[in-house]
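To start, the structure under review is shown below, and the notes come after it.
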Amino acid sequence: QVQLVESGGGLVQAGGSLRLSCAASGRTFSNYAMGWFRQAPGKEREFVAVMRWNGNTLYADSVRGRFTISRDNAKNTVYLQMNSLRPEDTAVYYCAASSTVSTSVHVYGYWGRGTQVTVSS
């Protein structure tokens, strides 16, 4: 029902900024909660941020104050603005959609293929 495509990843120096985009398509995708997750080498995929259609947001403690999630339903796009990037932010970043709001990987039924973010020191 929903297809997601991430973009905007790349290489950035520590302290820099990057904005990720996730373009969504589907019959009712605007009714889904949209989340960002990331997975670093050797680690489990972890929650980063989520936004409901009404604008309510949640952030992981590790990114709160540095990352901002936003959503533009008219453009069928969700964004993740990442500031003050650190080497530990290096990971593949995925956007995901869920019919319910959650920080758990397991409840998200739709995933993009990911975009690589590399932060150098």
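The values are calculated or read from the model by the stated rules, or taken from the named source; none is laboratory data. From a predicted model like this one, the values you see are computed outputs, not experimental measurements. As a convention, Cβ positions derive from the backbone with ideal geometry for all residues, glycine included, and neighbour counts pool all protein chains shown. We work out accessible area using only protein heavy atoms, side chains counted, and drop any ligands, DNA or RNA first. Shrake-Rupley method; radii C 1.70, N 1.55, O 1.52, S 1.80 Å.
Could you check how many residues of segment 62-74 are of a type outside the set (Lys, Arg), part of a strand (DSSP E or B) and surrounded by 15 or more Cβ atoms within 10 Å (Cβ to Cβ)? Number satisfying all stated conditions: 4. Among the candidates Gly16, Gly55, the residue that is on the phi > 0 side of the Ramachandran plot and outside any strand (DSSP E or B) is uniquely Gly55. Within segment 94-121, residues that are touching a residue at least 12 places away in the same chain (Cβ under 8 Å) sit with their Cβ atoms under 8 Å from residues that are part of a loop (DSSP other than H, G, I, E, B) and of a type in the set (Val, Ile, Thr), at 6+ positions apart or across chains, in these pairs: Val117/Thr90; Thr118/Thr90; Val119/Thr90. When Tyr94, Tyr59 are checked against the criterion of being hydroxyl-bearing (Ser, Thr, Tyr) and open to solvent by 40 Å² or more (accessible area, probe 1.4 Å), a single residue qualifies: Tyr59. Restricting Val92, Val48, Val101 to those that are more than 17 Å from Gln1 (Cα to Cα) and either in a loop (DSSP other than H, G, I, E, B) or not β-branched (Val, Ile, Thr) (or both) reduces the list to Val101. With respect to Gly42, is the statement that it is touching a Leu at 6+ places or on another chain (Cβ under 8 Å), open to solvent by 30 Å² or more (accessible area, probe 1.4 Å) and not in a strand (DSSP E or B) true? Against the criterion (touching a Leu at 6+ places or on another chain (Cβ under 8 Å), open to solvent by 30 Å² or more (accessible area, probe 1.4 Å) and not in a strand (DSSP E or B)), Gly42 does not qualify. Of the residues that sit in segment 97-120 and are among the aliphatic types (A, V, I, L, M) and open to solvent by 40 Å² or more (accessible area, probe 1.4 Å), which one is nearest to the chain's Cα centre (by Cα)? Here the residue is Val105.
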